[in-house]
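The values are calculated or read from the model by the stated rules, or taken from the named source; none is laboratory data. A quick note: this is a predicted structure, and the numbers were derived from the prediction, not measured. Cβ placement follows ideal geometry from the backbone for every residue including glycine, while neighbour counts extend to all protein chains displayed.
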Amino acid sequence: MAKKMDMKAMVGKGLGAILANQQVDQIIAQNDPLEAARELASNVAVLPLDIIEPMSKQPREYFDESALAELAASIRTHGIIQPITVRRIHAKSYQIISGERRFRASRLAGLTEVPVYIRLANDQEMMEMALIENIQREDLNPMEIATTYGRLKEEFELSDERLADRVGKQRSTVTNYLRLLKLHDDVKAAVKNDEVSMGHARALAGVKDNDALLLSLLVQIREKDLSVRAVEQLIAQYHEERSAKKTKTDARLPEHLRTIQDQFGAFFGAKALLKRDAKGRGQIVLKFNNDNELNRMLDAIEKQ
């Protein structure tokens with residue numbers, strides 16, 4: 001068996017037999033794949049850290065260094081309470097499915113071996129298990145979940161319905177996450193950094209082809225703590241005003257000037273009116289209803 005370890009400190013009681021890497025090889029060699037998978041899933045193995053590698057496309061993208069240091073200190077004192085889950089590549093190579101934080105902290109703590117659960121899984125199954133495990137532990141932010149859903153959907157050619165079935169979620173839930181991938185990069189970053197909620201992101205997804213309005217709303221959410229309902233109302237108001245403006249537009253205004261008029265309105269997130277006479281003289285009028293709307297327009301200018 002592998003180097004002797006303090007198993008009381010490493011794992012809790014009642015987890016079944018403790019297997020060495022050599023015993024793992026024997027189980028796989030002596031049983032059919034299904035039976036081997038069941039046998040390995042019901043036991044804890046001890047593997048050297050140097051034959052374990054992180055998943056190449058881990059759903060979780062960010063690891064807080066201070067939190068890792070705290071976990072490493074805990075591992076030095078108490079050992080690893082929850083084994084890492086890995087998949088077997090071959091006898092001398094294993095890949096992490098879940099528990100990369102514990103893996104990294106174990107290296108910081110100076111461990112040479114760690115307790116693991118071993119799974120026999122293909123690429124799709126491994127990604128699904130890693131995603132599901134992180135979601136169940138609430139370790140992922142919405143953008144990390146959305147990105148992993150997107151990878152699963154694209155790489156394994158899954159429909160939204162099939163993907164939802166594989167990860168145990170409703171189709172509408174999966175579709176809402178996938179919509180996040182189409183958002184403006186600044187909104188994605190805000191969701192990732194927990195500056196705006198999933199609900200805010202869904203509302204902002206309703207703003208099409210108007211980056212100025214989108215970014216203005218993003219600033220207001222951050223600075224004024226706007227509710228999701230308030231954001232939805234502002235977007236609805238914009239669409240209503242835009243629709244009304246198109247209806248009332250002077251038919252004599254050339255199309256290229258109507259386009260310029262729309263661009264001004266979109267940039268400032270306000271109702272714009274462009275007037276020009278036959279000699280080329282005219283004016284552009286921007287309407288606002290209160291100081292907040294005026295300040296929003298000024299913010300748009302300052303950002304340029």
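When the test is whether a residue is surrounded by 17 or more Cβ atoms within 10 Å (Cβ to Cβ) and closer than 26 Å to residue 180 by Cβ, residue 296 passes it. Annotation for the range 232-242: no member residue is in a loop (DSSP other than H, G, I, E, B), in the same structural domain as residue 286 (by TED's automatic domain parsing) and either buried (at least 19 other Cβ atoms within 10 Å of the Cβ) or not polar (S, T, N, Q) (or both). Scanning the range 71-87 for residues that are touching an Asp or Glu at 6+ places or on another chain (Cβ under 9 Å) and not hydrophobic (A, V, I, L, M, F, W, C) yields 79, 85, 87. The single residue among 144, 70, 65 that is under 20 Å from residue 176 (Cα atoms) and modelled with pLDDT of 70 or more turns out to be 144. Just checking, does the range 162-171 include any residue being in a helix (DSSP H, G or I), touching a helix residue (DSSP H, G or I) at 6+ places or on another chain (Cβ under 6 Å) and exposed (fewer than 15 other Cβ atoms within 10 Å of the Cβ)? Yes, the range 162-171 contains a residue that is in a helix (DSSP H, G or I), touching a helix residue (DSSP H, G or I) at 6+ places or on another chain (Cβ under 6 Å) and exposed (fewer than 15 other Cβ atoms within 10 Å of the Cβ).
Scanning the range 230-269 for residues that are of a type in the set (A, V, I, L, M, F, W, C), over 32 Å from the mean Cα position of the chain (by Cα) and modelled with pLDDT of 80 or more returns 257, 260, 264.
Cβ-Cβ distances below 8 Å connect the following pairs, each with a first residue in the range 192-203 that is more than 12 Å from residue 177 (Cα to Cα), a second residue that is acidic (Asp, Glu) and surrounded by 14 or more Cβ atoms within 10 Å (Cβ to Cβ), and a separation of six or more residues or different chains: 192/144; 203/232.
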